[in-house]
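Trainee: Attaching a single structure in C-alpha cells format; questions to follow.
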Amino acid sequence: MIALFTGLSAPVSAQTINITSPNGGDFCAGSDVEVEFSTTGNFNNSSFVVRLREVAGGNELDGVTATGSPITFSIPDDASGAYRFWVVGTRVSPPTTVRSDTVSITVTAPPNAGTLSGMQEICIGGTSTFTSTVSGGTWSSGTPAVATINTTTGAINGASAGTATMTYTVAGTGGCPNATATRTVTVSATPSAGTLSGTQALCLGGTSTFSSTVGGGSWSSSNTGVATINASTGLVTGVSAGTATMTYTVAGSGGCPTATAGL
C-alpha cells in the first residue's frame with residue numbers, strides 16, 4: 001500500500017495597521033498628538049513609528065519609535081497648513097514593513113497676544129489706555145473694583161486705590177488655545193493738603209508756626225521779603241511789613257497731581 005500525503009501549510013493572515021484615533025481634525029503647531037492604532041497579523045518583535053508629511057512642500061518627519069499603540073508625536077512649531085500622517089510597522093524577522101492608510105489633518109499656527117504697553121500708574125478717576133502690538137484681542141480687568149478697562153479699546157478708568165491686572169486675550173483657532181498677556185495698573189488716591197492753621201498776624205521779627213491736618217508736605221512763602229517759612233516745620237518769621245501767602249504742598253504719586261493749600 002502506498003500512502004500519499006499532501007503538504008498543507010497554515011494560512012498566513014495579512015498584516016495590517018489601522019489608525020483608530022485621531023481620524024483627522026485641526027491641530028496646533030507645537031502640540032503633541034497621541035496616535036492610537038490596531039494591528040492584525042503577526043507583528044511580534046516589531047517597532048512602529050508615526051510619519052508626518054506636509055502636503056504642499058512634501059517635507060516628511062518621523063515621530064517617536066514605539067513597540068505598540070499609542071504613539072505620541074510632536075507637530076513642529078513652524079508647521080502650518082495641510083498635513084498627512086500614517087503609521088509604519090517594521091518587523092525584524094522575517095523582514096516586513098507595513099504601512100497604514102494616511103490620515104489628513106490641518107495644522108494652525110498658535111496665536112500671539114503681543115507686547116503690551118500703556119501708563120501703569122493713575123489716580124482715582126484718572127485714565128490710561130493699554131495697547132498691544134497684536135490687534136484683534138479683547139481686554140479684561142482682574143479687579144474691576146480697582147480699575148475697569150474697555151474690552152475693545154483698552155481704555156482704563158481708576159475706581160479705587162489698589163492694583164489691578166489687565167489681561168489681553170487673542171482667541172485661538174484650529175485647535176490652538178487662546179493666547180494671553182498681562183499688564184498691571186496701580187491706582188492711587190488723590191492727595192489732600194489738609195486744613196491749615198496758625199497765627200496769621202506777626203510783628204517784625206516775630207514768629208508763628210503753621211500746621212496742617214495732613215503730614216508729609218512742605219511749606220513755601222510767596223514773598224520771602226515779607227515773611228519766611230521753614231519748609232519742614234512751618235515756622236514763620238516776620239521780615240518786613242506786608243502780606244505773604246504760605247503754601248503747603250503734598251506731592252502726588254501714582255499719576256496723581258500735587259495738592260496745595262494756602263494760609
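Trainee: Hey, can you tell me all the residues within region 208-220 that are part of a strand (DSSP E or B) and buried (at least 19 other Cβ atoms within 10 Å of the Cβ)?
Mentor: SER212, TRP219, listed by residue number.
Trainee: Sticking with this structure for a sec: Checking the condition over 23 Å from GLY126 (Cα atoms) and touching a residue at least 60 places away in the same chain (Cβ under 8 Å), which residue from GLY262, GLY242 passes?
Mentor: GLY262
Trainee: Continuing with the same structure: Free of Cβ contacts under 8 Å to residues at least 12 places away in the same chain and among the β-branched types (Val, Ile, Thr), is that true of THR127?
Mentor: no
Trainee: Yes or no: ALA231 closer than 26 Å to SER160 by Cα, among the aliphatic types (A, V, I, L, M) and either out of contact with any helix residue (DSSP H, G or I) (no Cβ under 6 Å at 6 or more places or on another chain) or assigned to a strand (DSSP E or B) (or both)?
Mentor: Judged against the criteria, ALA231 is not a match.
Trainee: To continue, here is another question. I'd like to know if region 119-133 contains one or more residues that are in contact with a Leu (Cβ under 6 Å, 6 or more places away or on another chain) and either surrounded by fewer than 12 Cβ atoms within 10 Å (Cβ to Cβ) or under 22 Å from ASP26 (Cα atoms) (or both).
Mentor: no
Trainee: Still on this model: Name the pairs whose Cβ atoms lie under 6 Å apart, with the first residue in region 57-74 and on the phi > 0 side of the Ramachandran plot, the second loosely packed, with under 12 Cβ neighbours inside 10 Å and at pLDDT below 80, and 6 or more positions between them or separate chains?
Mentor: none
Trainee: Here's another thing I want to ask about it. State whether the residues of region 181-204 include one that is modelled with pLDDT under 95 and closer than 30 Å to GLY25 by Cα.
Mentor: Checked against the condition, which is being modelled with pLDDT under 95 and closer than 30 Å to GLY25 by Cα, region 181-204 yields no hits at all.
Trainee: Check THR165 against each of (1) surrounded by fewer than 14 Cβ atoms within 10 Å (Cβ to Cβ); (2) under 14 Å from the mean Cα position of the chain (by Cα); (3) within 24 Å of GLY252 (Cβ to Cβ) and name the one condition it does not meet.
Mentor: It is condition (1) that THR165 fails.
Trainee: Given the conditions (1) surrounded by 18 or more Cβ atoms within 10 Å (Cβ to Cβ); (2) under 29 Å from GLY126 (Cβ atoms); (3) modelled with pLDDT under 95, which single one is not true for SER253?
Mentor: The one condition SER253 does not meet is (1).
Trainee: Name the pairs: first residue in region 152-179 and without any contact (Cβ under 8 Å) to a residue 24 or more places away in the chain, second residue of a type in the set (S, T, N, Q) and crowded, with 20+ Cβ neighbours inside 10 Å, Cβ to Cβ under 9 Å, at least 6 apart or on different chains?
Mentor: Taking only residues 6 or more apart or on different chains, the pairs are ALA164/SER141.
Trainee: For region 100-117, give me each residue that is part of a loop (DSSP other than H, G, I, E, B), within 17 Å of the chain's Cα centre (by Cα) and buried (at least 17 other Cβ atoms within 10 Å of the Cβ).
Mentor: Of everything in region 100-117, those that are part of a loop (DSSP other than H, G, I, E, B), within 17 Å of the chain's Cα centre (by Cα) and buried (at least 17 other Cβ atoms within 10 Å of the Cβ) turn out to be PRO110, PRO111, ALA113, GLY114.
The values are calculated or read from the model by the stated rules, or taken from the named source; none is laboratory data. Computed from a prediction, not measured in an experiment: that's the story for all the values here. All Cβ positions, glycine included, derive from the backbone under ideal geometry; neighbour counts span all protein chains shown.
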